[in-house]
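Only one structure is covered here, and it is reproduced in the block below.
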Amino acid sequence: MITVYGVPGWGSTLSEAMLTLAEIPYRFVNVDGFDQPGTQQEMLKKLNPLGQVPTLQLDDGSIMTESAAVALMILDQRPDLAPPVGTPERQQFWRLLVWLVANVYPTFTYADYPERWASNAAEQLQENCKAYRKSLYLWLESQLKAAPYAFGESLTLLDIYICVMRSWGPRHAWFKEHTPKFSAIADAVCRVPALQEVLRNNDILT
Ligand SMILES: N[C@@H](CCC(=O)N[C@@H](CS)C(=O)NCC(=O)O)C(=O)O
């Protein structure tokens, strides 16, 4: 069975929710405290030298990291969790999925640990990353055209990202005011019966 190393509510939630939606069984190992020196960090870094969650160990013992790679792995088994091949929506699905992890996710890497990257200007780095993140989300909002999910009636793995990332900075109230379409998609995902338990376990439900 797949093992997901993570912390409730953190990036591992993306993997947990995607696996749950795809009905792929996994077990969860809580590595709370991994982002500070200690035994959890030492253990995680043996699996993933970046020391990040999500880190997955697959059935054959191999390691899988990078949430978008996890999404692609899941789509191999459950192609229905992305728009169909040959549709314009499918290209936009790839685009926005990669765009989120390539642009928005790194703002957390730098803003969550600014002292690592700029010990003399940590506060400024953090503020700038947070402001940049807001500008990214405003652009994403302009790309969202459908309802109740990002590509209409069919729930895709991109919607999982939207739901989970809505619970991170700049957090619900900001999203509700500035990105109402993003917020509405996240709300719709929060109502999916199959996701209730995993979202509750990760403090995503409001
Ligand atoms: N590109 C990675 C980013 C993962 C990531 O940044 N995870 C955060 C938690 S949400 C983390 O582990 N941060 C700790 C660190 O970077 O030291 C992915 O998409 O999975």
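Residue count for segment 165-191 satisfying the condition of being of a type in the set (V, I, T) and either within 21 Å of R90 (Cα to Cα) or not assigned by TED's automatic domain parsing to the domain that holds V104 (or both): 2. Within segment 153-168, the set of residues being closer than 12 Å to I185 by Cβ and either charged (D, E, K, R) or not in a loop (DSSP other than H, G, I, E, B) (or both) comprises L158, D159, I160, Y161, I162, C163, V164, M165, R166.
Taking the numbered list (1) in contact (Cβ under 8 Å) with a residue 24 or more places away in the chain; (2) within 12 Å of the ligand (Cβ to nearest atom); (3) touching a Phe, Trp or Tyr at 6+ places or on another chain (Cβ under 6 Å) in turn, E141 passes all entries but (2). Determine whether S167 is among the hydroxyl-bearing types (S, T, Y) and more than 16 Å from T13 (Cα to Cα). No.
Each row is one residue, and each column tells you yes or no for (1) free of Cβ contacts under 8 Å to residues at least 24 places away in the same chain; (2) in contact with a strand residue (DSSP E or B) (Cβ under 9 Å, 6 or more places away or on another chain); (3) not polar (S, T, N, Q).
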position	(1), (2), (3)
F93	no, no, yes
V98	no, no, yes
N103	no, no, no
W117	yes, no, yes
S135	yes, no, no
A147	no, no, yes
I162	no, yes, yes
G169	no, no, yes
K181	no, no, yes
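Within segment 169-204, being more than 22 Å from V101 (Cα to Cα) and outside any helix (DSSP H, G or I) holds for R191, V192. Scanning segment 46-82 for residues that are touching a strand residue (DSSP E or B) at 6+ places or on another chain (Cβ under 8 Å), more than 9 Å from the ligand (Cβ to nearest atom) and closer than 22 Å to E23 by Cβ turns up L56, Q57, L58, D59, M64, M73.
Condition test on E127, is it touching a residue at least 12 places away in the same chain (Cβ under 8 Å) and either assigned to a helix (DSSP H, G or I) or small (G, A, S) (or both)? So E127 fails the test.
The values are calculated or read from the model by the stated rules, or taken from the named source; none is laboratory data. Quick caveat, the model's predicted, so the values are computed rather than measured. When we count neighbours, we look across all protein chains shown, and the Cβ atoms used for this are built from the backbone with ideal geometry, even at glycine.
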